[in-house]
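Structure first, then comments.
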Amino acid sequence: EAQVTQNPRYLITVTGKKLTVTCSQNMNHEYMSWYRQDPGLGLRQIYYSMNVEVTDKGDVPEGYKVSRKEKRNFPLILESPSPNQTSLYFCASTPGQLNTEAFFGQGTRLTVV
Amino acid sequence: GQQLNQSPQSMFIQEGEDVSMNCTSSSIFNTWLWYKQEPGEGPVLLIALYKAGELTSNGRLTAQFGITRKDSFLNISASIPSDVGIYFCAGQTYGQNFVFGPGTRLSVLP
């Protein structure tokens, strides 16, 4: 079954404690991206990757890092989380940047206290 | 940067009613998408539109790509309880990433 898998689904952490949210897709897609969803703001892109070792900033990259060492995985790293990074995070993958069939993961709800 | 507005922000309707929502932008887009997000899930693509004026249906859902390329509409006919969720529009200009609207939250009352 084609899917995008995020872990964990829920996470509560303290300010400053580094964390990683993993994302894996089994569709051999080239393009992957991370979004955060906040009430009234919709989905805002954090970072995206057009292929292995190719990553770029989205609209709200501050406080986040990503890596793309292999095609299937695209982890999101928060080196020093802050309360304003409390949000619902989604990973998505598509065959290419201009392809419309974006598959989203189930989301990771992060709370930073 | 490019921004999308969705209207209404939220709506409560009676089961069986038809629903209309729209998405507008000050920028021109070449592709419009409509997604639905159910509670606890990620967004799922409903309809994709590629040409100005295009009208596309998916079951009880119909979406249109506005002639000006600055807007899009989604209609749901004969709503049912499982239509509940947040509906997002997304627009794309060639070579750019998709931009998402803030969403329309739909509640269906039995």
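Just so it is clear, none of the values below were taken in a lab; they were calculated from the coordinates. Treat the numbers as computed from the prediction; the structure is a model and nothing was measured. Cβ sites come from the backbone with ideal geometry, for glycine too, and all protein chains shown count toward neighbours.
The distance from the alpha carbon centre of the range B:47-110 to that of the range A:65-91 is 28 Å, rounded to a whole number. Computed from the alpha carbon atoms alone, the convex hull of the protein assembly as shown holds 118 Å³ per residue.
As an equivalent ellipsoid, chain A spans semi-axes of 22, 14, 13 angstrom, where each value is the square root of five times an eigenvalue of the C-alpha gyration tensor, largest first.
What does the extension gain come out to for residue A:52 and residue A:73, with contour length at 0.36 nm per residue minus their alpha carbon separation? That pair, residue A:52 and residue A:73, stretches by 6.6 nm at full extension. Dipole check for the protein assembly as shown: with +1 at the C-beta of Lys and Arg, -1 at the C-beta of Asp and Glu, and the Cα centre as origin, the magnitude is about 560 Debye. Across the options A:93, A:76, A:35, the greatest Cα extent toward the positive end of the charge dipole of chain A (unit charges at beta carbon of Lys, Arg, Asp, Glu) belongs to A:76. 3J(HN,Hα) couplings calculated from phi for the range A:74-82 with the Karplus curve 6.51 cos²θ - 1.76 cosθ + 1.60 (θ = phi - 60°) are, in sequence order, 8, x, 9, 10, 10, 5, 9, x, 10 Hz; Gly and Pro show x.
Computed on the Cα atoms alone, the convex hull of chain B gives a volume of 90 cubic angstrom per residue.
Counting every other Cβ atom within 10 Å of each residue's Cβ, B:89, B:23, A:23 order from fewest to most as A:23, B:23, B:89. If you count Lys pairs in the protein assembly as shown whose Cα atoms are under 26 Å apart, skipping same-chain pairs closer than 8 places in sequence, the total is 15. Other protein chain C-beta atoms within 10 Å of residue C-beta, averaged over A:41-54: 3.
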